[in-house]
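To start, the structure under review is shown below, and the notes come after it.
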Amino acid sequence: HLDIAERTANRLGAGIKEQTVHAVDGVRLNIRGGEVMGLVGESGCGKSTLGRMVAGLSEPSDGRILYRGQDRSAMSRAEARNAALKVQMVFQDPMSSLNPRLRVRDIVGEAPQVHGIVGRREVAAYVEDILEQVGLDPSTAKRYPHQFSGGQRARVGIARALAVKPDFIVCDESVAALDVSIQAQVLNLFVRLREEFELTYLFISHDLGVVEHISDRIAVMYLGRLVELGAAEDLLKQPNHPYTEALVAEIPTFETEKRIYSAIKGEIPSPLNPPSGCHFHPRCPHAHERCRKEVPVLKEVAPGRLSACHLNDEA
Ligand code: SF4
Ligand code: MG
């Protein structure tokens with residue numbers, strides 16, 4: 001069993017911020033400071049659950065979340081409060097996560113005031129500044145959420161997260177509700193903000209095309225387990241795991257703008273009663289006897305590339 005977090009820590013040495021997630025199945029995911037880690041998989045694979053745990057919105061039943069090398073559950077209250085502010089979440093549907101009765105100046109300005117980041121007299125200017133940074137006119141501070149388009153609301157959601165000066169943002173399907181052209185604009189905003197504010201992202205999406213656009217590394221999840229992890233470009237050019245291969249075949253080609261479905265056969269099995277051995281075996285074109293019996297272990301198959309498939313031992 002490969003300990004990703006430890007390996008990464010060794011390679012990076014001291015002084016670089018580390019954020020580590022233990023998934024419930026014992027797999028570790030280490031997100032390096034300043035990187036964009038894409039997390040893909042079909043709905044129900046556990047990626048949102050993982051994201052919520054990283055953002056501190058739910059607790060792992062077993063396992064730990066380390067923020068800058070520190071176990072969050074072992075922190076003092078002041079440290080935990082600070083860590084909670086530093087890791088923010090941007091949700092899929094801003095309409096349901098923005099209070100419809102509040103003006104944008106209150107939606108964006110409330111948390112930084114509560115946490116003493118900005119005083120009452122400076123908050124109006126503070127909010128206007130953030131709105132400009134996310135590409136909204138400062139005069140929109142007086143508007144309510146329903147007075148914005150979908151793309152603008154996405155920007156308000158991002159402004160709210162930015163207002164408390166985070167260093168890590170969990171983006172859960174943050175552009176999924178938007179038209180493709182608006183998606184590209186908001187993705188570009190994420191790219192710019194990352195550079196400007198030295199942010200780290202965990203970028204969760206069911207859409208590999210979206211994740212490809214923004215990620216340095218990509219982690220692929222299937223039914224609660226990490227099945228492949230690697231540098232974004234390599235992983236897409238040369239997927240190792242049969243599940244990643246099937247996902248890659250579904251990325252729309254830009255010449256035709258039509259999706260070529262490789263048709264991953266069968267339905268996603270219930271996470272409550274996952275298949276034995278390799279969870280992917282009922283849908284995998286390469287499944288063989290061993291796959292039904294034995295859980296494939298995530299291991300290094302090339303430098304920086306991890307995959308969990310028996311074929312790697314048998315080649
Ligand atoms: Fe397919 Fe077997 Fe590899 Fe699972 S372990 S992905 S079923 S070949
Ligand atoms: Mg989800």
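Bear in mind that the values in this text are calculations on the coordinates, not laboratory data. Owing to the predicted nature of the structure, the values given are computational and were not obtained by experimental measurement. Here Cβ is always computed from backbone atoms with ideal geometry, including for glycine, and neighbour counts include all displayed protein chains.
Computed about the Cα centre, the dipole magnitude for segment 34-215 is approximately 740 debye when only Lys and Arg (+1) and Asp and Glu (-1) carry charge, each at its Cβ. When each of 200, 49, 244 is scored by the number of other beta-carbon atoms lying within 10 Å, the sequence from fewest to most is 49, 200, 244. At 222 nm, what helix-only mean residue ellipticity would the chain give, in deg cm²/dmol to the nearest 500, using -39500 (n - 2.57) for each DSSP H run of four or more? When only DSSP H runs of four or more count, the value is -10000 deg cm²/dmol.
More than 21 Å apart: what percent of Cα pairs in segment 34-215 qualify? Tail of P(r) above 21 Å: 49 percent of Cα pairs. With neighbour counts taken as other beta-carbon atoms within 10 Å, the residues 37, 89, 75 rank, fewest first, as 75, 89, 37. Pairwise alpha-carbon distances in the chain exceed 23 Å for 59% of all pairs. Pairs from the list 47/86; 47/265; 47/165; 165/237 with a Cα-Cα gap above 29 Å: 165/237. When both segment 265-292 and segment 88-144 are represented by their alpha-carbon centers, they are found 45 Å apart.
When a/c is below 1.5 the answer is rounded, else prolate if a/b is larger than b/c, else oblate, so apply that to segment 93-141 with a ≥ b ≥ c taken from the square roots of the Cα gyration tensor eigenvalues. Oblate, because a/c is 1.5 or more while a/b does not exceed b/c.
Rounded to the nearest 20, the size of the Cβ-charge dipole of the chain about its Cα centre is 860 debye, with Lys and Arg at +1 and Asp and Glu at -1. Distance between the pseudo-spin-label points of residue 250 and residue 267 (7 Å out from Cα toward the beta carbon): 1.6 nm.
Normalised by the number of residues in the chain, the average gap of Cα pairs under 8 Å and 6 or more apart makes the relative contact order 20 percent. Shown for 297, 186: other C-beta atoms within 10 Å of each C-beta, ranked fewest to most, produce the order 297, 186. Considering the chain as a Gaussian network with a 10 Å cut-off on Cα pairs, which listed residue, 194, 292, 64, attains the greatest mean-square fluctuation? Highest fluctuation of the listed residues: 292. Out of 154, 84, 111, whose Cα points farthest toward the positive end of the dipole of segment 84-201 (charges: +1 Lys, Arg; -1 Asp, Glu; placed on Cβ)? Most positive-ward Cα: 111.
With respect to the chain, whose longest principal axis is taken over its alpha-carbon atoms, helix 150-162 is tilted by about 80°. The aspartates and glutamates whose alpha-carbon is closer than 20 Å to the alpha-carbon of residue 142, local same-chain residues fewer than 8 away aside, are 106, 110, 122, 128, 129, 132.
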